[in-house]
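Scroll down for the structure; my scribbles are underneath it.
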Amino acid sequence: MQKTQSFTIKPEEREWFVVSAGEAPLGRLAARIAAILRGKHRPTFTRHLDGGDFVIVTDAEKIRLTGKKPVQKMYYRHSGWPGHLRAEEYRHFIARRPQAVIMKAVRGMLPHNRLGAVMLKRLRVYKGSEHPHEAQQAKPLP
């Protein structure tokens, strides 16, 4: 009888990638970032283990949506109290908190468990083109 071999990734050095969100569609950029955070770009990808890298996103305020989505897309939050559902249009939300738009999009594409929460901590989003991670020598996202 032949048994199945189990495979476990070995701890690797995590890389840092930097990407500019300028004029990129939100969904396409978020999907690419989520794949890097999960480690899907590595040959040692294992879905139940954390083998992803760090991602730095700059120019968050320049992200774009296509069609009528800037007017139609809504962001909701609820306090838990009756009648306290708050809704905000995308165009107002990005003017107020551009980093949160990218964080929410990427969070929705990661696993919805503790592993996804750990992966999300490796995402850094900044409003302008400057970031404080020069020492990590981040490579441009391929």
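Annotations for the structure displayed:
- Longest exposed-site-free window of the chain, the sites being GluC sites (Glu not before Pro) in a DSSP loop that have at most 15 other C-beta atoms within 10 Å: 24-129
- Within the shell of other residues whose beta carbon sits under 14 angstrom from the beta carbon of Q137, the net charge comes to -2, with Lys and Arg scored +1 and Asp and Glu -1.
- Within segment 45-142, DSSP assigns beta bridges of which about 60% are antiparallel (rounded to the nearest 5).
- The equivalent ellipsoid that matches the C-alpha gyration tensor of the chain spans semi-axes of 31, 21, 13 angstrom, in descending order.
- Relative contact order [Cα under 8 Å, 6+ residues apart], the chain, whole percent: 32
- For the peptides 46-53, 104-111, the ranking by packing is 104-111, 46-53, with the highest mean count of neighbouring Cβ atoms within 10 Å listed first.
- Partner lysines for K127 [C-alpha distance under 22 Å; skip if fewer than 8 residues away on the same chain]: K62, K69, K73, K104, K139
- Net charge, D59 excluded, C-beta distance under 14 Å - Lys, Arg +1, Asp, Glu -1: +1
- Segment 82-131 shape via C-alpha gyration tensor axes, a/c threshold 1.5: oblate
- Tilt relative to the chain, helix 26-38 - C-alpha long axis, 0 to 90 degrees, to 10: 30
- Axis angle, to the nearest 10 degrees, between helix 98-107 and the longest C-alpha principal axis of the chain: 40 degrees.
- Trypsin sites (Lys or Arg not before Pro) lying in DSSP loop within segment 59-88, provided at most 12 other Cβ fall within 10 Å: K68
All of the numbers you see were taken from the coordinates with simple rules; none came from a lab. Model, not experiment: these values are computed from the prediction. Reconstructed Cβ throughout: ideal geometry from the backbone, glycine too, with neighbour counts over all protein chains shown.
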